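Take a look at the structure below.
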Amino acid sequence: MNDLLLALGRNQRARALVRRMGIPLPLPVPLDRDPGPWKARPLADARVVVGAAPAAAALEAIAACVASAGGDAYLASPEAAAAFQAPCEAFSRPARPLDSLAEGERVRALVFDATGIDDVSGLRALYDFAHPLIGRIARSGRLVVVGRAADAAAPEAAAAQAAIEGFVRSAAKELGRAGVTANLLQVAPDATGRVGPVLRFLLSAGSACITAQPIAVTARARAVEEPPLVRPLEKKTALVTGAARGIGEATARALAREGARVLCLDRPTDLGQTSQLAREIAGSALAVDLAADDAPGTIADALRATGGVDVVVHNAGVTRDKTLARMTAEQWDQVLGVNLRALVRVTAAIEPLLRDHARVVCLSSVSGIAGNVGQSAYAASKAGVIGFVRAAADRLAPRGITINAVAPGLIETRMTAAMPLAVREAARRLSALGQGGRPEDVAQAIVFLASPGASGVTGRTLRVCGGALVGA
Amino acid sequence: MSPKSRRAVVVAGCRTPFVKAFTDFVKMDTIALGVAAVSGLLSRTGLPHRSVESIVWGGVILPGASPNVGREIALDLRLDPGCEAMTVTRACASGLQAVTLAAAAIERGEADVVIAGGSDSTSNAELKLPQKVVHALAPIALGKPTPSDYVGALAQMLPLGDVLPKRPRIAERTTGEVMGEAAERMAKRNEISREAQDAFAARSHHRAAAAIASGRFDDEIVPVQTPGGRWVHADGIVRADTSVEKLAKLRPVFATDGTVTAGNSSPLTDGAAAVLLMSEERATSLGLRPRAAVSSWAYTGVDPADQLLMGPATAIPLALDRAGLRLSDVDVIDLHEAFAAQVLSVQKMLASAAFARARLGREQPVGEIDADRLNVHGGSLALGHPFGATGARMITTMANELARTGKRRALLGICAAGGLGAAAVLERVD
């Protein structure tokens, strides 16, 4: 788990020395993180520059988000002033014109409303906004573009909106060296009201490892009125599979930190560790072998006893990495059995026990998106997860239930520490942020997707990979 | 609120003169100041000592050896031993807290005659030894120390800079922010200009000076004899001859490019104020004319890391709701003036429809507070602010205002450390 370059990057002198000696060593920037619990004002006193193309539709949502999160808005487009007037007044943070920002002063975030761009020439507004400002984003800062879903539009409008995706992905790669992330919200016209909580998460330190992602915001699932900004999971019951260690453990802790009562599930052989965790977070432990045929029934019984469940995190997974030629049928069955078959069966068994507005989060992997040598079974199972959530979303949406996948890239865990050094180094550096993520980064993404405010995101896969260069 | 079967009324109130810290009252601690105010109240009302059932006292800088100031006052005054007492702290709203606790006890039928008030002596703030010293000396103070204990204690106290008593600071425990810095930030965020602050401060002084000159405060202030034998008759901070021009010359204290100065901030003050509350029935049966009834009150909190002194903007609408009133129904308003910038910021938010919608969940703004209704006899900027006394001072002045002028309703608002807000509504008793 020791990242020498990152440790070196933490040291100002070492950074200066490396630069002075002209060594082409890309020292990654240590990221500002926030392990939670969520803050009322994650942007407290941070400068946020907001710009907009003509006919922007999300400015009011952006204004309310920035002002209530404690950010000081600086407007690059005078037309945005009307939308910012009321929310900024309510929080005593009057929006100011961009030119009132002193020369050389850095900003925490750039937010651009591109919802009005419907032709190719309209893209110029995005360039005009980002070009002079991109160098002024502080370390661990943010660029968020709010655009439209490209699919349902006229071809040229679709071209323009799809172009924005390419822009954001490239910006993410340019900004990653400074620990800055760049993401795109693709907002359906009837889902503008759901932008706030998603934008808040992307602007907060909890999304430190999420970059180069297009995130669709739709009105498919029934919305939650006035979602809470702090302790989003109060009074919620959560189930986390594979909770004994790694991402599962970090997730169980993070959910508990936001107020959830967590049922920690892991294999019977890990019951000691699972129970220990459950005690620490005032949850409960459940020992189930997910490969067993009666696992779905056992889990359903446990959830029936708690009176239903609000958050389900399918995290349990196994790896049996072998090239296809060497992989035994048994190994194939083990991987597919736990990672995909159990997930599908357990979801079916507990579907009646999901409360309205429940949240289901399934762990996928960047391997599932990009494929990987020696991981044909693993990647198949993780790609299967993506297909599963895509299809299941519509069925669950009328009850306000969302189902999403989270696809981690290289995460610094005991499992990845056992990887060969060269492979691990490559995986770390071949990403926009130039470093591996932590279990807490994945946990924060899961907490976001599990929160009431995430009603706009369903059927999607959210990568937590620091902008890994592989995959779509 | 549901209609009350018992109503708490303000029968009388009075206070010591308020003077700058480390001046006339430097030899009087908060208990002595409280004794002065309560004895003045008792002699002016002619109330038999025996009839006082309880003292509820407010204070911020409490004496470590005897924090229940209220009880010490009762004992020093040789009130009936059965007169029980408590002391509460709610930062700058402590005095109001004492009054509303007394009103609540009366409404509940727990008592009929209660003295509530508060006092503070900034001059007698105790210097605190750093915890490091306390821990290092514990084995010596509490056990049978060996020579090595002494050496150990000495060794633990090095370097000496860490063990010297610290200068007391009125800073937020959670944020480390000093009040004036918070006021400075609020001035910036709410776009309150230096000119507006200075004009507000000058008006506070002029109105207070006019009230004093007209004799308006004569039955509210009791002269106090200091241990040195000197009599103090009048408030010591009011400047009748101040002006916007004079105030404009002062340098900002909390930021070089700031707007908050000594002139538009409330000063550190020594003083005490006391209010006599009764059930309406008891007052009537004793033949006393109540000055006002306590209609409602509310306490709220806002995030101290955001706008520390914005509390009244949320407490005021709540207290008005509980009294079934709107801001426009109120004839006279007393807002505690911690800083001119803070009062003006609160006023701005009360008038804001955007604030009402986003922060209070109501469609209409709480309302405008015009200068004619606000702090008609000056406020804490001019009169001073002995933390625990201010709430009782405001209750007294407002109750007298209703009794003297025929106005019907008065509203009080106080901001306090920790992001607290306090408000109360008084109504005329016909």
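Just need a number here: residues in segment A:74-97 that are out of contact with any Leu (no Cβ under 9 Å at 6 or more places or on another chain) and either within 14 Å of chain B (Cβ to nearest Cβ) or under 24 Å from B:ALA182 (Cβ atoms) (or both).
Total satisfying the criteria: 10.
Going by the structure shown, is B:GLY388 buried (at least 24 other Cβ atoms within 10 Å of the Cβ) and not in a helix (DSSP H, G or I)?
Judged against the criteria, B:GLY388 is not a match.
In segment A:98-110, how many are in contact (Cβ under 8 Å) with a residue 12 or more places away in the chain and either within 25 Å of B:ALA305 (Cα to Cα) or within 12 Å of chain B (Cβ to nearest Cβ) (or both)?
Total satisfying the criteria: 8.
Looking only at segment A:127-164, how many residues end up being hydrophobic (A, V, I, L, M, F, W, C) and in a loop (DSSP other than H, G, I, E, B)?
Number satisfying all stated conditions: 5.
Could you list all residues from segment A:246-297 that are in contact with a Gly (Cβ under 6 Å, 6 or more places away or on another chain) and β-branched (Val, Ile, Thr)?
Of everything in segment A:246-297, just one residue is in contact with a Gly (Cβ under 6 Å, 6 or more places away or on another chain) and β-branched (Val, Ile, Thr), namely A:VAL262.
Applying the selection to segment A:52-73, what residues are more than 14 Å from every other protein chain (Cβ to nearest Cβ) and either surrounded by fewer than 22 Cβ atoms within 10 Å (Cβ to Cβ) or closer than 20 Å to A:GLU226 by Cα (or both)?
A:PRO54, A:ALA55, A:ALA57, A:ALA58, A:LEU59, A:ILE62
Name, by its number, the condition in (1) within 14 Å of chain A (Cβ to nearest Cβ); (2) assigned to a helix (DSSP H, G or I) that does not hold for B:MET398.
The failed condition is (1).
Considering only residues that are away from chain A (no Cβ under 12 Å) and buried (at least 20 other Cβ atoms within 10 Å of the Cβ), look in segment B:343-373 and name the one that is farthest from B:GLY258 (Cα to Cα).
B:VAL366
From B:ALA187, B:ALA208, which residue is crowded, with 21+ Cβ neighbours inside 10 Å and under 29 Å from B:CYS14 (Cα atoms)? Walk me through it before giving the result.
Details: B:ALA187 fails: under 29 Å from B:CYS14 (Cα atoms).
That would be B:ALA208, the only listed residue that is crowded, with 21+ Cβ neighbours inside 10 Å and under 29 Å from B:CYS14 (Cα atoms).
With the condition kept exactly as written, say whether any residue in segment B:75-85 is of a type in the set (D, E, K, R), within 26 Å of B:PHE22 (Cβ to Cβ) and in a helix (DSSP H, G or I).
Step one: filter segment B:75-85 for residues of a type in the set (D, E, K, R), giving B:76, B:78, B:80, B:84.
With within 26 Å of B:PHE22 (Cβ to Cβ) added as a condition, the list becomes B:76.
If we keep only those that are in a helix (DSSP H, G or I) as well, we get B:76.
Scanning segment B:75-85 turns up at least one residue that is of a type in the set (D, E, K, R), within 26 Å of B:PHE22 (Cβ to Cβ) and in a helix (DSSP H, G or I).
Under the condition of being in contact with a Cys (Cβ under 9 Å, 6 or more places away or on another chain) and part of a loop (DSSP other than H, G, I, E, B), which residue from segment A:71-118 is nearest to B:LEU350 (Cα to Cα)?
A:PRO94
Residues of segment A:416-438 being buried (at least 20 other Cβ atoms within 10 Å of the Cβ) and under 28 Å from A:VAL311 (Cα atoms), which ones?
A:GLY436, A:GLY437, A:ARG438
Which of the residues that make up segment B:332-385 are farther than 22 Å from A:ALA69 by Cα and among the hydroxyl-bearing types (Ser, Thr, Tyr)?
Answer for segment B:332-385, where residues must be farther than 22 Å from A:ALA69 by Cα and among the hydroxyl-bearing types (Ser, Thr, Tyr): just B:SER380.
Helices (runs of 4 or more DSSP H) wholly in segment A:313-414 with at least 2 residues that are under 19 Å from the mean Cα position of the chain (by Cα) and among the basic types (Lys, Arg) - which ones? Let's see the steps before the verdict.
Numbers: elements: A:329-336, A:342-350, A:366-370, A:376-396.
Those helices (runs of 4 or more DSSP H) span A:376-396.
Would you mind finding the one in A:ASP45, A:ASP34 that is within 12 Å of chain B (Cβ to nearest Cβ), outside any helix (DSSP H, G or I) and under 28 Å from the mean Cα position of the chain (by Cα)?
Details: A:ASP34 fails: within 12 Å of chain B (Cβ to nearest Cβ).
That would be A:ASP45, the only listed residue that is within 12 Å of chain B (Cβ to nearest Cβ), outside any helix (DSSP H, G or I) and under 28 Å from the mean Cα position of the chain (by Cα).
How many residues, within segment B:313-337, are touching a strand residue (DSSP E or B) at 6+ places or on another chain (Cβ under 7 Å) and away from chain A (no Cβ under 14 Å)?
Matching residues across segment B:313-337 total 16.
Coordinate-derived values only; no laboratory data. Please read all numbers here as calculations on a predicted model, not as lab measurements. For neighbour counting, all protein chains shown are included, and Cβ atoms are generated from backbone atoms with ideal geometry for every residue, glycine included.
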